[in-house]
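Read the structure below first, then the notes.
The values are calculated or read from the model by the stated rules, or taken from the named source; none is laboratory data. The structure presented is a predicted model; accordingly, all values stated were derived computationally and were not measured. FYI the Cβ positions are ideal-geometry reconstructions off the backbone, even for glycines, and counts take in every protein chain you see.
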Amino acid sequence: MRVIIEPDYDRMSKWAADYVAEKIKEANPTAEKPFKLGCPTGSSPLGLYKQLIKKYEAGEISFKNVVTFNMDEYVNIPEDHPESYHSFMWNNFFSHIDIRPENVHILNGNATDLIKECEDYERAIEEAGGIDLFMGGIGPDGHLAFNEPGSSLSSKTRIKTLTTDTIIANSRFFDGDMNLVPKQALTVGIGTVMAAREVLLLCSGHHKARALQHVIDGNVSHKWTASMLQMHPKAIVVCDEPACDELTVATFKYYLDKERGNL
Ligand code: GLP
């Protein structure tokens with residue numbers, strides 16, 4: 001695992017955007033051979049999306065031949081609800097770039113058959129040839145997408161019930177009212193993310209320090225599902241300094257030295 005430590009949120013976002021843009025350019029995608037990008041929601045990737053939009057506006061990058069698969073979506077809130085992940089993605093990213101709407105994939109949390117929806121989604125990823133780069137965030141309890149503590153580390157796309165921790169954390173988007181937060185979500189599995197060729201996780205802020213400590217310094221555990229990334233051949237965690245508050249000095253220095261080329 002590669003760990004990039006940046007001083008603050010803005011620089012973390014910039015590092016991630018430069019990396020993602022470089023990967024897309026390097027792949028030189030075409031309509032026949034598009035670049036497949038996994039997309040998260042939440043506050044962690046907002047800065048990254050802003051930076052990617054800037055790059056698009058500056059003519060540095062195009063998303064015409066990029067196919068996206070989102071990580072998750074709440075069950076049973078209208079697609080046009082301001083806090084649905086459909087709304088989040090269009091408002092914060094897709095509406096500002098040249099992506100083709102038919103290349104956007106987001107789970108439908110209102111499908112009549114939710115199990116089939118998840119199976120179809122998994123098949124669509126496979127048929128697209130797999131995901132080249134899966135971006136993601138980390139929940140304060142170490143979850144990845146909506147793979148809550150205790151989720152199978154080889155899980156595929158499915159329905160999950162949200163933990164109280166996540167409902168509390170996400171209530172900030174629902175007027176601080178836990179009762180308004182959907183109780184279930186559709187989410188890609190840890191196995192789905194692990195099947196991507198590369199994974200890039202963002203982790204920012206002191207409130208994520210405990211999760212980051214478990215993900216980087218701890219053991220692989222279904223209690224901190226993002227820790228499974230330790231088993232991925234090409235995973236990067238980009239974080240800011242406040243998120244490193246619980247790492248040992250040895251770990252912190254090791255990753256800084258490694259990136260500075262001192263090791
Ligand atoms: C949500 C999402 C996750 C996200 C996490 C952290 O529950 N399902 O994909 O990574 O919360 O969110 P934030 O980045 O807002 O802290």
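Structural remarks
- Residues of the range 101-124 that are under 25 Å from Ile53 (Cβ atoms) and surrounded by 15 or more Cβ atoms within 10 Å (Cβ to Cβ): Asn103, Val104, His105, Ile106, Leu107.
Rundown of residues vs (1) of a type in the set (Ser, Thr, Tyr); (2) at pLDDT below 95; (3) under 17 Å from Ala196 (Cα atoms), yes/no style:
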| site | (1), (2), (3) |
| --- | --- |
| Glu6 | no, no, no |
| Asp10 | no, no, no |
| Trp15 | no, no, no |
| Ile24 | no, no, yes |
| Thr30 | yes, no, no |
| Pro45 | no, no, no |
| Gln51 | no, no, no |
| Lys54 | no, no, no |
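- Any hit, the range 66-75, residues being at pLDDT 95 or above and either more than 16 Å from the ligand (Cβ to nearest atom) or small (Gly, Ala, Ser) (or both): yes
- Filtering the range 227-263 to residues that are among the aliphatic types (A, V, I, L, M) and not in a helix (DSSP H, G or I) leaves Ala235, Ile236, Val237, Val238, Leu247, Leu263.
- Residues of the range 128-182 satisfying the condition of being in a strand (DSSP E or B) and either aliphatic (A, V, I, L, M) or more than 10 Å from the ligand (Cβ to nearest atom) (or both): Leu133, Phe134, Met135, Leu144, Arg158, Ile159, Thr161
- Checking each residue in the range 173-224 for being under 16 Å from Asn70 (Cβ atoms) and in contact with a Phe, Trp or Tyr (Cβ under 7 Å, 6 or more places away or on another chain) picks out Pro182, Ala185, Thr187, Val193, Ala196, Val199, Leu200.
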